[in-house]
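The values are calculated or read from the model by the stated rules, or taken from the named source; none is laboratory data. Everything quoted here is computed from the prediction, not taken from an experiment. Here Cβ is always computed from backbone atoms with ideal geometry, including for glycine, and neighbour counts include all displayed protein chains.
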Amino acid sequence: MTQTPKCIKCQSGVTYFDGSLFHCTECFHEWTQADIDLAEDSAKVIDSNGNELFDGDDVTVIKDLKVKGSSMVVKRGTRARGIRLSEDDPTHVQAKVDGQVIFLKTEFLKK
């Protein structure tokens, strides 16, 4: 018997395949193989050049950025060391810049 993948919505292991769709018996979500492939691609965190980012990477800011709630401006070319990926949103990373921990959008970073 082949194993069906976990539900892409609730991560339940109680799923089955009816020939065209996968079904979750806990949340009643239905999905296809294409949805699984799309979910795997969206989980990747990429920078402005399309390079995949990982926890602990060092990145460079490519544009002057104003920090909300502060008078601080992160200048172009500033290095952010030891980034941490956000679990909720793949477009944001947490980085230490000039001694302060801030969140940065990945579209303004390069590896």
| said: So in region 92-111, with the set limited to residues that are loosely packed, with under 12 Cβ neighbours inside 10 Å and free of Cβ contacts under 8 Å to residues at least 24 places away in the same chain, which one is farthest from K44 (Cα to Cα)? | reply: G99
| Out of region 42-76, which residues are of a type in the set (A, V, I, L, M, F, W, C), over 13 Å from L104 (Cα atoms) and free of Cβ contacts under 8 Å to residues at least 40 places away in the same chain? | F54, M72
| said: Just to be sure I understand, how many residues within region 69-88 are touching a strand residue (DSSP E or B) at 6+ places or on another chain (Cβ under 9 Å) and either farther than 30 Å from K9 by Cβ or not in a strand (DSSP E or B) (or both)? | reply: 13
| remark: Going through region 1-16 in order, the residues found to be modelled with pLDDT under 90 and closer than 18 Å to D37 by Cα are Q3, T4, P5, K6, C7, I8, K9, C10, Q11, S12, G13
| Is there a residue being modelled with pLDDT of 90 or more and outside any loop (DSSP other than H, G, I, E, B) anywhere in region 39-51? | no
| Which listed residue, of D35, D57, is surrounded by 14 or more Cβ atoms within 10 Å (Cβ to Cβ) and part of a loop (DSSP other than H, G, I, E, B) | D57
